[in-house]
Amino acid sequence: MEPHATVCPSVFRLCLHHIGNTFRSPSPWRSNNLAALGHGWRTSGTEVTQLSNRGENSRGALKVRASNKLSPHVRLGRDVVRRYALLFAWALVIVVFGVLRPEAFWSLENLSTVLGTQAVLLFLALVSLPAFVAGEYDLSIAGNLSFSLVLFGFLNVIQHWPLLPSAFVVLASGLVIGLINSLLIVGTGVPSLIVTLGMGTALGGLAVAVNAQTTGGVSETLVSLARTQVLGLPLAFFYALALTVSLWYFLVFTPTGRHLYFVGSGREVARLTGIRVNGLRVGVFLFSGVGASVAGLILAGSLGATDPNVGPSYLLPVFAAVFLGSTAIQPGRFNAWGTFAAVYFLVTGITGLQLVGLSGWVSDVFYGGSLAIAVTLSQLASKGD
């Protein structure tokens, strides 16, 4: 017998032994490659999911091992920077404009303006937050705001309805708007971006149809509920602050809030775990619909008048604030306190630029640039997690 005739079976057995050991070992190579191969082979959905999860776990383990090589001080510093960079930037903006225009910037009037007059923007950003968390978009909030504002003025000022019936009709209209959005999105499967964009445009047109003129003389009670000063700040600010605290508690400490994050991460996986995905999706649109109507009432009280053209100016700032807020406090996640900080970071920056002499165009540039940067940073923060 030739020498290679006896060597080949030995080499073959050695190769089989090596391959068997490789596929029995829990190495990252095995997990990652099997996860990739699983998409081409005829494996069940459960097997592919398990293999993909093994690959993710292996990559996560490698990240953890790499992170553990850093000193505790470096890890702590990096975490602080990731979580609070926006707050540091906000503080820097305050210091810079406080030095450039100290008399105007540090005046009580300016501080009240910065914190108080933008309460509606904060409120509107917060009511849209659960939809973002659930992986949806509600672009109808700006049109809803305009329609609610004008509808209240029409009923309360032109038709002379009392405050409570007028407010009740406005809130009911917000509920109907949220219900229509949710039925079209959840019931038919049309993307929320398309449905809510169309709804917002339609509501803006309806607002002009109801009353195309600016109307003053809204209920003095509503004006007092929005403008009354407490600690130098209007009550509207405290409504937004209360909503911030409530949403923070809801999203962080309640099962439903945590389920929303799960739905936003992946609907099918959430559905397989027993979460009522469609029910939560309907809920977030009902919340944003009613919430935008409440914001319309607050705006009516703050202005003391109604204007059908004011709503669209809020849409870009809301998106900029929500995305920028997802880079702070809980990086990579839409969250209430991050949104709070982002709103006032943006408002402080715009106010400071206007105080140093820049004209009104700066707000559009600032909000637009902030939105582009915020979306980029949000994606980077998500990958970092």
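Considered as a group, the residues in the stretch 101-112 that are in contact (Cβ under 8 Å) with a residue 24 or more places away in the chain and not small (Gly, Ala, Ser) include one that is surrounded by the most Cβ atoms within 10 Å (Cβ to Cβ), and that residue is Phe105. Looking at the stretch 106-155, which of its residues are part of a helix (DSSP H, G or I) and among the hydroxyl-bearing types (Ser, Thr, Tyr)? Selection gives Ser112, Thr113, Ser128, Ser146, Ser148.
State whether one or more residues within the stretch 326-340 are within 16 Å of the chain's Cα centre (by Cα), farther than 23 Å from Ser370 by Cβ and basic (Lys, Arg). No, there is no match, as no residue in the stretch 326-340 is within 16 Å of the chain's Cα centre (by Cα), farther than 23 Å from Ser370 by Cβ and basic (Lys, Arg).
The residues of the stretch 333-359 that are buried (at least 21 other Cβ atoms within 10 Å of the Cβ) and among the small types (Gly, Ala, Ser), listed by number, are Ala336, Gly338, Ala341, Ala342, Gly349, Gly352.
Within the stretch 275-295, residues that are assigned by TED's automatic domain parsing to the domain that holds Leu129 have Cβ atoms under 7 Å from residues that are part of a helix (DSSP H, G or I) and among the hydroxyl-bearing types (Ser, Thr, Tyr) in these pairs: Arg281/Ser182; Val282/Ser182; Phe285/Ser182; Leu286/Ser182; Ser288/Ser128; Ala292/Ser148; Ser293/Ser148; Ser293/Ser173, counting only partners at least 6 apart in sequence or on another chain. In this structure, does Ala270 turn out to be surrounded by fewer than 20 Cβ atoms within 10 Å (Cβ to Cβ), in the same structural domain as Leu149 (by TED's automatic domain parsing) and either in contact (Cβ under 8 Å) with a residue 40 or more places away in the chain or not charged (D, E, K, R) (or both)? Judged against the criteria, Ala270 is not a match.
Every residue, every condition in (1) farther than 20 Å from Phe340 by Cα; (2) in contact (Cβ under 8 Å) with a residue 12 or more places away in the chain; (3) under 18 Å from the mean Cα position of the chain (by Cα); (4) surrounded by fewer than 20 Cβ atoms within 10 Å (Cβ to Cβ), yes or no:
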residue	(1), (2), (3), (4)
Val114	no, yes, no, yes
Thr117	no, yes, no, yes
Ala125	no, yes, yes, no
Phe132	no, yes, yes, no
Ser140	yes, yes, yes, no
Phe152	yes, yes, no, no
Thr196	yes, yes, yes, no
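Against the condition closer than 19 Å to Thr196 by Cα and at pLDDT below 95, how does Gly296 come out, does it pass? Against the criterion (closer than 19 Å to Thr196 by Cα and at pLDDT below 95), Gly296 does not qualify.
When you scan the stretch 352-373, do you find a residue that is farther than 17 Å from Ala119 by Cβ, of a type in the set (Val, Ile, Thr) and within 13 Å of the chain's Cα centre (by Cα), even just one? For the stretch 352-373, residues farther than 17 Å from Ala119 by Cβ, of a type in the set (Val, Ile, Thr) and within 13 Å of the chain's Cα centre (by Cα): absent.
The values are calculated or read from the model by the stated rules, or taken from the named source; none is laboratory data. Quick caveat: nothing in here was measured; it's all calculated off a predicted structure. Here Cβ is always computed from backbone atoms with ideal geometry, including for glycine, and neighbour counts include all displayed protein chains.
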